[in-house]
Amino acid sequence: MQEKLRVAVVVASTREGRVGGGVGRWFVERAGVRTGLDLDVVDLADFAIPACYPARPTPAMTGFARRIAAAEAYVVVTPEYNRSFPASLKQAIDCAYDEWRAKPVGFVSYGYRAAGRYAVEQLRGVFTELHTATLRDAVCLDLLEGRVADGGFRPDPERYAHAVTTLLDELVWWGLALRDGRRARPYCA
């Protein structure tokens with residue numbers, strides 16, 4: 001039996017009253033029914049990553065980097081703020097560097113009208129610089145189409161079922177291929 005693919009689901013928003021926690025839970029519920037995945041929810045609201053980098057990494061920064069290093073694939077759950085992603089996510093991404101390398105990154109985005117697509121496009125450039133393989137397909141949730149209440153979001157499960165399946169199919173394929181590749185030969189660039 002093949003060992004499970006270790007996937008970190010990074011919930012990006014840290015705003016009070018955020019929808020991100022609900023979107024993250026929704027995605028993890030869907031991904032959790034799939035066999036072969038070991039999901040680790042890495043919620044940035046649980047980390048006190050400083051807005052300005054200190055001279056030495058804080059325990060929160062090193063803890064985040066350890067969780068990223070342990071994962072073999074990532075799904076970033078991000079809102080779209082002003083056609084981009086939140087600063088809290090950029091700060092967190094920069095806490096690690098080599099830890100991201102040669103691993104796949106998928107995206108679950110949310111927002112109004114554009115459904116977070118602008119945030120995903122901005123993130124693709126950031127993750128390319130970190131030598132990741134960003135997935136072509138994403139799950140993009142339009143907050144106008146779901147129930148939003150008390151920081152939660154419940155989209156129509158049928159509307160997004162295909163997008164979730166496609167994202168997970170790509171994530172598993174790339175995750176296993178890159179895991180095998182890293183084991184066969186160390187990645188260096």
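The values are calculated or read from the model by the stated rules, or taken from the named source; none is laboratory data. As the structure is a prediction and not an experimental result, all values here were calculated from the model. Using ideal geometry, Cβ is built from the backbone for each residue, glycine included, and neighbour counts are taken over all protein chains shown.
Mind checking which residues of region 117-141 are of a type in the set (Val, Ile, Thr), closer than 20 Å to Val164 by Cβ and out of contact with any Ser or Thr (no Cβ under 6 Å at 6 or more places or on another chain)?
We begin by selecting, within region 117-141, every residue of a type in the set (Val, Ile, Thr); these are 120, 126, 128, 132, 134, 139.
From what is left, the residues that are closer than 20 Å to Val164 by Cβ are 120, 134, 139.
Passing the criteria: Thr134, Val139.
Go over the candidates Ala92, Ala115, Ala184, Ala189 one by one and state the one that is out of contact with any His (no Cβ under 8 Å at 6 or more places or on another chain), touching a residue at least 12 places away in the same chain (Cβ under 8 Å) and on the phi < 0 side of the Ramachandran plot. Don't jump to the end; show me each part of the working.
Values: Ala115 fails: on the phi < 0 side of the Ramachandran plot; Ala184 fails: touching a residue at least 12 places away in the same chain (Cβ under 8 Å); Ala189 fails: out of contact with any His (no Cβ under 8 Å at 6 or more places or on another chain).
Step by step, each of Ala92, Ala115, Ala184, Ala189 is checked, and only Ala92 is out of contact with any His (no Cβ under 8 Å at 6 or more places or on another chain), touching a residue at least 12 places away in the same chain (Cβ under 8 Å) and on the phi < 0 side of the Ramachandran plot.
With (1) modelled with pLDDT under 95; (2) touching a helix residue (DSSP H, G or I) at 6+ places or on another chain (Cβ under 8 Å); (3) over 17 Å from Leu89 (Cβ atoms); (4) not basic (Lys, Arg) as the list, and Met1 as the residue in question, which single condition is left unmet?
Just one mismatch for Met1, condition (2).
With the checklist (1) assigned to a strand (DSSP E or B); (2) more than 26 Å from Ala115 (Cβ to Cβ); (3) among the acidic types (Asp, Glu) in hand, flag the one item Asp40 doesn't pass.
Going through (1) assigned to a strand (DSSP E or B); (2) more than 26 Å from Ala115 (Cβ to Cβ); (3) among the acidic types (Asp, Glu) one by one, Asp40 breaks only (2).
Is it the case, given these coordinates, that Ala92 is over 30 Å from Pro186 (Cβ atoms) and buried (at least 16 other Cβ atoms within 10 Å of the Cβ)?
Details: over 30 Å from Pro186 (Cβ atoms): no; buried (at least 16 other Cβ atoms within 10 Å of the Cβ): yes.
Considered against the rule, which asks whether it is over 30 Å from Pro186 (Cβ atoms) and buried (at least 16 other Cβ atoms within 10 Å of the Cβ), Ala92 comes out as no.
Could you check, for region 82-89, whether at least one of its residues is of a type in the set (Lys, Arg) and closer than 17 Å to Gly175 by Cβ?
Restricting attention to region 82-89, the residues satisfying the condition of being of a type in the set (Lys, Arg) are 83.
Retained after the next criterion (residues that are closer than 17 Å to Gly175 by Cβ): none.
Looking for residues that are of a type in the set (Lys, Arg) and closer than 17 Å to Gly175 by Cβ, one finds none in region 82-89, hence no.
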